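Here is the structure we will look at, set down as structure tokens.
The values are calculated or read from the model by the stated rules, or taken from the named source; none is laboratory data. All figures in this text were calculated on a predicted structure; none of them were measured in a lab. Note that each Cβ is placed from the backbone with ideal geometry, even for glycine, and that neighbours are counted across all protein chains shown.
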Amino acid sequence: METTKKLTIVKILLTLTAIEFFGPALRDIDVSHLQNPEWPGHARVHMMWLISYMVTSGIANIYLVWFRKPFELRNLYLSFGWQTCNLMAFWSAVIFSPLYKGAVIDGKYHVEIMGINENILAFTLLSSLTAISFAYFHFHVAPRQKEV
């Protein structure tokens, strides 16, 4: 397969994995988080801040992948790095949740898919797809092309 097609595949995969930036905006703006009447107003401000940061990060990430001129392979490395930071932030929140009395599973607002919490399932899939995409890019695309 020619390098241009491989590069397009990587860009499409990066766009799909960028879903991680938009999920909270779609999922957490309701009473489960942002509009939760049990949360103090200050906590809701922080939630809106996080949602806004994630959405603008997602937009900037997609800009790097598709629209930044001149296009350079480092744009994709930056996109991968940015997405990895976001994924690691999620997994850190999960790992350290016992320390701050957090809960990944909330039977009231979250659902299970095939017996797995929706967040854990979604972020496992996104993390795996990001890792596979990076490996494909780094070992099969980047060595064959310096700049496009």
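If you go through segment 24-52 and keep only what is of a type outside the set (A, V, I, L, M, F, W, C) and either in contact with a helix residue (DSSP H, G or I) (Cβ under 7 Å, 6 or more places away or on another chain) or under 16 Å from Thr84 (Cβ atoms) (or both), you end up with Pro24, Asp28, His33.
Quick one: is Glu72 surrounded by fewer than 15 Cβ atoms within 10 Å (Cβ to Cβ), without any contact (Cβ under 8 Å) to a residue 40 or more places away in the chain and of a type in the set (Asp, Glu)? No. Kindly indicate whether any position in segment 1-16 is under 12 Å from the mean Cα position of the chain (by Cα) and without any contact (Cβ under 8 Å) to a residue 24 or more places away in the chain. For segment 1-16, residues under 12 Å from the mean Cα position of the chain (by Cα) and without any contact (Cβ under 8 Å) to a residue 24 or more places away in the chain: absent.
If the condition is being without any contact (Cβ under 8 Å) to a residue 12 or more places away in the chain and over 17 Å from Ser57 (Cβ atoms), then segment 32-46 contributes Gln35, Asn36, Pro37, Glu38, Trp39, Pro40, Gly41, His42, Ala43, Arg44, Val45.
If you take the residues in segment 17-50 that are aromatic (Phe, Trp, Tyr) and under 14 Å from the mean Cα position of the chain (by Cα), which one is farthest from Ser79 (Cα to Cα)? Once the filter is applied, the top-ranked residue is Phe22. Tell me, please, whether a residue that is closer than 21 Å to Phe134 by Cβ, touching a Ser or Thr at 6+ places or on another chain (Cβ under 8 Å) and surrounded by fewer than 18 Cβ atoms within 10 Å (Cβ to Cβ) can be found in segment 90-102. For segment 90-102, residues closer than 21 Å to Phe134 by Cβ, touching a Ser or Thr at 6+ places or on another chain (Cβ under 8 Å) and surrounded by fewer than 18 Cβ atoms within 10 Å (Cβ to Cβ): present. Exactly one residue out of Glu38, Glu118, Glu112, Glu147 is modelled with pLDDT under 95 and closer than 15 Å to Gly23 by Cβ: that is Glu118.
If you go through segment 28-69 and keep only what is assigned to a helix (DSSP H, G or I) and surrounded by 17 or more Cβ atoms within 10 Å (Cβ to Cβ), you end up with Met47, Ile51, Met54, Ser57, Gly58, Asn61, Ile62, Leu64, Val65.
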